[in-house]
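The values are calculated or read from the model by the stated rules, or taken from the named source; none is laboratory data. Since the model is a prediction, treat every value here as computed from it, not as a measurement. As a convention, Cβ positions derive from the backbone with ideal geometry for all residues, glycine included, and neighbour counts pool all protein chains shown. Accessible surface areas use protein heavy atoms only, side chains included; no ligands, DNA or RNA. Shrake-Rupley method; radii C 1.70, N 1.55, O 1.52, S 1.80 Å.
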Amino acid sequence: RLSSVRRRHCEPAAEGGPLGDGASMRCQVSVLYFARSAELAGLRSETLSVPRELTARQLWEEIVRVHPRLAVIRDQVVFAVQQEYVLLGDQLLVLQPGDEVAIIPPISGG
């Protein structure tokens with residue numbers, strides 16, 4: 001379960017559902033890029049505005065919209081939201097402002 005009691009800097013989306021609908025709110029989240037994802041994104045961390053309620057797949061699509069080069073690692077990437085692993089699928093995420101999203105591609109070793 002992903003939950004947090006922090007509530008700050010959520011704003012209504014410019015488009016979408018009616019006010020008060022969780023899907024129409026956007027939140028600032030901290031996105032951390034590791035290994036190959038950092039190389040492809042060109043940075044190690046940033047703050048992004050994303051819908052408060054979305055699936056893990058939709059969250060990935062939001063990030064790829066900002067950094068299209070990340071699309072090449074789609075089938076290998078693992079998310080961690082608030083330090084909990086999340087599969088890239090249809091499960092609903094309810095993000096809180098300031099949540100941390102880590103993009104972790106596979107790390108090869110010998």
*Does segment 31-86 hold any residues that are basic (Lys, Arg) and open to solvent by less than 80 Å² (accessible area, probe 1.4 Å), and which are they?*
Arg52, Arg57
_Considering only residues that are hydrophobic (A, V, I, L, M, F, W, C), touching a strand residue (DSSP E or B) at 6+ places or on another chain (Cβ under 9 Å) and surrounded by fewer than 19 Cβ atoms within 10 Å (Cβ to Cβ), which ones fall in segment 87-110?_
Leu87, Leu88, Leu92, Val94, Ile104
*asked:* Being of a type in the set (D, E, K, R), modelled with pLDDT of 95 or more and under 15 Å from Leu92 (Cβ atoms) narrows it down to one residue among Arg52, Arg1, Arg65; which is it?
replied: Arg52
_Tally, over segment 24-51, of residues that are within 14 Å of the chain's Cα centre (by Cα), touching a residue at least 60 places away in the same chain (Cβ under 8 Å) and not in a helix (DSSP H, G or I)_ = 8
_Could you tell me how many of the residues in segment 52-87 are within 14 Å of Phe34 (Cβ to Cβ), within 11 Å of the chain's Cα centre (by Cα) and not β-branched (Val, Ile, Thr)?_
2
